[in-house]
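Engineer: Submitted below is the structure of interest, expressed as structure tokens.
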């Protein structure tokens, strides 16, 4: 059986609108070139909830296999996007952080704060639905997640099914490698 035609992406940035646009463009180009699987090395401190949900849905909708590798640390909206991969791997030294939606209210009056609450609730509901579809946290971990940042090392991430297992991002000699943010 012939090996799948693969492309290798590297991403270390915030999950935001520009990141979504870059993933769309690079993936479209790769698929037009007949690529059958994507290997994505990922490092992210998080970003916008909506953009993380968008990447999650995008990765899940692709008709090609997507393998994502946590090479160091993935947080927040980055975890949401990561969960969209068909295969999700960690290095032994990787960590994850998940938390509920947050907002900054500096300088906001009470009406502005009240107006933002429904959006925070919606963000929590959609990220919780994605988490619940993929991971299995202990009751103690869910309790931490309710009010604080929940940090998981690679062993804990595999146990929680955030990751499929430990596997290094390995680019074969001569492979196509693209930086999502050149």
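What follows is calculated from the coordinates using simple rules that are stated; it is not laboratory data. Here the structure is a predicted model, which is why all the values come from computation and not from measurement.
Engineer: Between helix 17-32 and the chain, what is the angle of the helix's C-alpha long axis to the longest principal axis, kept within 0 to 90° and rounded to the nearest 10?
Structural biologist: So the helix axis and the longest Cα principal axis differ by about 20 degrees.
Engineer: Return the tail of the calculated pair distribution for segment 104-182, meaning the percent of Cα-Cα pairs more than 16 Å apart.
Structural biologist: In whole percent, the long-distance tail amounts to 70.
Engineer: Could you work out the relative contact order of segment 1-79, using alpha carbon pairs under 8 angstrom and six or more residues apart, expressed as a whole percent?
Structural biologist: That works out to 39 percent.
Engineer: What does the C-alpha gyration tensor say about the overall shape of segment 37-89? Classify as rounded when a/c is under 1.5, otherwise prolate if a/b is larger than b/c, or oblate.
Structural biologist: Judged from the Cα gyration tensor, segment 37-89 comes out oblate (a/c at least 1.5, b/c at or above a/b).
Engineer: If I stretch the segment between residue 109 and residue 5 completely, what's the gain in nm (0.36 nm per residue apart, minus their alpha carbon distance), one decimal?
Structural biologist: So the chain would gain 32.0 nm between residue 109 and residue 5.
Engineer: Also: Please give the length that would be gained between residue 142 and residue 170 if that part of the chain were fully extended, namely 0.36 nm times their separation in residues minus their C-alpha to C-alpha distance (nm, one decimal).
Structural biologist: Gain on extension, residue 142 to residue 170, equals 6.8 nm.
Engineer: Now, a different point. Working only with C-alpha atoms, what are the Rg and Dmax values of segment 1-68, expressed in angstrom?
Structural biologist: My reading of the Cα-based Rg and Dmax gives 12.2, 41 Å.
Engineer: Quick check: the angle from helix 49-61's long axis to the longest principal axis of the chain, C-alpha only, nearest 10 degrees?
Structural biologist: 30
Engineer: Rounded to the nearest 5, what is the percent of antiparallel bridges among the DSSP beta bridges in segment 6-179?
Structural biologist: 15
Engineer: On average over all directions, what projected area in square nanometres does segment 33-182 have, based on the convex hull of its Cα atoms?
Structural biologist: The orientation-averaged projected area of the Cα hull of segment 33-182 comes to 10.7 nm².
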